[in-house]
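Q: Quick one: the structure is below, questions incoming.
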Amino acid sequence: MSLRKVDLARETKETKVAIEFNPDVQDGIEIDSGVPFVNHLLEAMAFHGGFGLKIKASGDVDVDHHHIVEDIGLVFGSILHKITIDFGNIHRFGYSVIPMDEALSEVSIDVCGRPTLVFADNFPQSKIGDFDLCLVQEFFKALTNRAKIAVHAQIRYGENSHHMAESLFKALGKSLSQAYSKADDLQSTKGTLMK
């Protein structure tokens, strides 16, 4: 079992989120967010990232999906930050370009201690079922801020919003896997990643 396995939980009046993450071994993927399309995206992210991910989330999805999506991003980002602080050197950078049929997405990551999100999408359909695709950016924003990383996420092109969102999350998974993999040396000329 990996020594870097981390679990965190967050509970508010709006949501309850518990996440277990193993960056080193794909020891199970179980996603239950209460939002089927979010489950699909996060399963794709974990599978193609090659890591273990278990998420149990519940909340006011009858109001809308915003709080669940944002809070999953906050908890997952907090886990990534904990890995950076507590478990030694990581490779720091991750980059992936992933196609899905006619869609192509790119994600670049720098684990640098300076939360920055550059996000570009051009979804031709604004919803997948009852899921508002504007919430994809809210997930990335929450993740970026809590993890204290720089993320450049771009859907370069596509015609089907489902394909576009899925390719973006697959690229995120690949990039996270690279950035958070163990490294022999500290990847910073400053002597620290988080200051």
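The values are calculated or read from the model by the stated rules, or taken from the named source; none is laboratory data. Computed from a predicted model, the values in this text were never measured in an experiment. Every residue, glycine as well, gets a Cβ built from its backbone with ideal geometry; the counts of neighbours run over all protein chains shown.
Q: Find the residue count for segment 114-132, including only residues that are modelled with pLDDT of 95 or more, over 14 Å from E159 (Cα atoms) and not β-branched (V, I, T).
A: 7
Q: Pick out the one residue from F51, F76 that is in contact with a Pro (Cβ under 7 Å, 6 or more places away or on another chain) and buried (at least 20 other Cβ atoms within 10 Å of the Cβ).
A: Sole residue among the options that is in contact with a Pro (Cβ under 7 Å, 6 or more places away or on another chain) and buried (at least 20 other Cβ atoms within 10 Å of the Cβ): F51.
Q: Of all residues being in contact with a helix residue (DSSP H, G or I) (Cβ under 6 Å, 6 or more places away or on another chain) and outside any strand (DSSP E or B) in segment 102-119, which is nearest to G173 (Cα to Cα)? Just the residue, please.
A: By that ranking, first place goes to V111.
Q: Determine whether R114 is surrounded by 16 or more Cβ atoms within 10 Å (Cβ to Cβ), more than 21 Å from S33 (Cα to Cα) and of a type in the set (K, R).
A: no
Q: Just one of (1) part of a helix (DSSP H, G or I); (2) free of Cβ contacts under 8 Å to residues at least 40 places away in the same chain trips up V25, so point out which.
A: It fails just one condition, (1).
Quick grid of which residues meet (1) touching a helix residue (DSSP H, G or I) at 6+ places or on another chain (Cβ under 7 Å); (2) assigned to a loop (DSSP other than H, G, I, E, B):
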{"residue": "K16", "(1), (2)": "no, no"}
{"residue": "E20", "(1), (2)": "no, no"}
{"residue": "E30", "(1), (2)": "no, no"}
{"residue": "M45", "(1), (2)": "yes, no"}
{"residue": "I55", "(1), (2)": "yes, no"}
{"residue": "V63", "(1), (2)": "no, yes"}
{"residue": "F76", "(1), (2)": "yes, no"}
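Q: Go through segment 166-195 and give me each residue that's within 24 Å of E102 (Cα to Cα) and touching a strand residue (DSSP E or B) at 6+ places or on another chain (Cβ under 7 Å).
A: E166, S167, L168, K170, A171, L172, K174, S175, L176
Q: Of the residues P124, P99, which is over 30 Å from D185 (Cα atoms) and part of a strand (DSSP E or B)?
A: Just a single option satisfies the conditions, and that option is P99.
Q: Tell me whether segment 179-186 contains one or more residues that are part of a helix (DSSP H, G or I) and either among the charged types (D, E, K, R) or modelled with pLDDT of 95 or more (or both).
A: yes
Q: For segment 144-159, which residues satisfy the criterion of being over 30 Å from D86 (Cβ atoms) and part of a loop (DSSP other than H, G, I, E, B)?
A: G158, E159
Q: Still on this model: Within segment 133-149, can one find any residue that is of a type in the set (D, E, K, R), surrounded by fewer than 20 Cβ atoms within 10 Å (Cβ to Cβ) and without any contact (Cβ under 8 Å) to a residue 40 or more places away in the chain?
A: No, because not a single residue in segment 133-149 is of a type in the set (D, E, K, R), surrounded by fewer than 20 Cβ atoms within 10 Å (Cβ to Cβ) and without any contact (Cβ under 8 Å) to a residue 40 or more places away in the chain.
Yes or no, residue by residue, for (1) over 18 Å from S177 (Cα atoms); (2) touching a Gly at 6+ places or on another chain (Cβ under 6 Å):
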{"site": "V17", "(1), (2)": "yes, no"}
{"site": "S58", "(1), (2)": "yes, yes"}
{"site": "V63", "(1), (2)": "yes, no"}
{"site": "D71", "(1), (2)": "yes, no"}
{"site": "S96", "(1), (2)": "no, no"}
{"site": "D110", "(1), (2)": "no, no"}
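Q: Would you check which residues across segment 28-62 are among the β-branched types (V, I, T) and without any contact (Cβ under 8 Å) to a residue 24 or more places away in the chain and list them?
A: Matches in segment 28-62: none.
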